[in-house]
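The values are calculated or read from the model by the stated rules, or taken from the named source; none is laboratory data. Everything quoted here is computed from the prediction, not taken from an experiment. Neighbour counts are summed over all protein chains in view; Cβ atoms, including those assigned to glycine, are modelled from backbone coordinates with ideal geometry. In case anyone asks, the SASA skips ligands and DNA or RNA and just uses the protein heavy atoms, side chains included. Shrake-Rupley method; radii C 1.70, N 1.55, O 1.52, S 1.80 Å.
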Amino acid sequence: NVGYRHPQVQVTRKGAEVLGGKMTTKIALLDTDDATNEKSGIPVLAAYAGYETEILDMPATFGVSGVWGEAETSGSTDHSLWGVAVGMTLKMSDWLAFKAEGFSGAKLDDFLGGSTTGMSTATAVDKKPFRVKGGFAELTYNPFKKTEMNFGGAVDMANDDAYISATDAPNVYEYNTTAYANLKYNLSKELQLGVEYQYFQTEWVDGSEGDANRLMSAVIYKF
């Protein structure tokens, strides 16, 4: 997931037989479009390994991935931009499936991990990247042939706020959580209708907090 919407060069190997299951591996170079990363002159290296097998006759996939790069701030100070994620999917039946993923890292704002402030901005402190961690879990339920429902929740939070300055405290999440449910209906092979409800609750390091409700609808045409 860390390559989300980033230009990249990727090499993939699929179908390797390992202990009765199938292994997929990927390596990639990513462009973060981040000034501190571009200044270092080193692209972000990403790697992924996925393993497909069966557990009690239920198809399962396990994956581990990581990214690493350099972020360079004023004064030529280099810091590591990194992240590690572990996830799994389990298809319990034709109508029920479960997936989950957890991650940890530093300066993952370019990859939608942590708050949009990925590194300290106060001039009085060393511009260190913020450590973050989080994850999500989702249950998919398909009661009818043309209908799909998803229920899930996620959390995204600071790993250690000991060095977060008062300047950055109003902009860095202590935690950011969401719970959601959606319904998709296939009118035809090409046309799908959807509706989703989401609830968000956020608390920042300075103690301020807020919540929000969101209701969205979609019409998806496939061609």
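In table form, for the structure just shown:
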read-out	value
Evaluation of Asp33 against (1) touching a His at 6+ places or on another chain (Cβ under 8 Å); (2) assigned to a strand (DSSP E or B) (one fails), failing number	(2)
Checklist (1) hydrophobic (A, V, I, L, M, F, W, C); (2) touching a strand residue (DSSP E or B) at 6+ places or on another chain (Cβ under 7 Å); (3) closer than 30 Å to Glu72 by Cβ applied to Ala122, failing item	(2)
Failed criterion for Val9 (all others in (1) open to solvent by 70 Å² or more (accessible area, probe 1.4 Å); (2) under 30 Å from Leu139 (Cα atoms); (3) out of contact with any Pro (no Cβ under 8 Å at 6 or more places or on another chain); (4) in a strand (DSSP E or B) hold)	(2)
Within segment 132-174, considering residues that are surrounded by 16 or more Cβ atoms within 10 Å (Cβ to Cβ) and of a type in the set (Phe, Trp, Tyr), the one farthest from Val67 (Cα to Cα)	Tyr173
Answer residue from segment 14-32, given it is under 28 Å from Gly69 (Cα atoms) and not hydrophobic (A, V, I, L, M, F, W, C) and is most open to solvent (accessible area, probe 1.4 Å) among those	Lys14
Yes/no for Ala158 being out of contact with any helix residue (DSSP H, G or I) (no Cβ under 7 Å at 6 or more places or on another chain), modelled with pLDDT under 90, at negative phi and among the small types (Gly, Ala, Ser)	yes
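Okay, residues lined up against (1) under 16 Å from Val44 (Cβ atoms); (2) part of a strand (DSSP E or B); (3) open to solvent by 30 Å² or more (accessible area, probe 1.4 Å); (4) of a type in the set (Asp, Glu):
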site: Thr61; (1), (2), (3), (4): no, yes, yes, no
site: Val64; (1), (2), (3), (4): no, yes, yes, no
site: Gly69; (1), (2), (3), (4): yes, yes, no, no
site: Thr89; (1), (2), (3), (4): no, yes, yes, no
site: Met92; (1), (2), (3), (4): no, yes, yes, no
site: Lys99; (1), (2), (3), (4): no, yes, yes, no
site: Phe103; (1), (2), (3), (4): yes, yes, yes, no
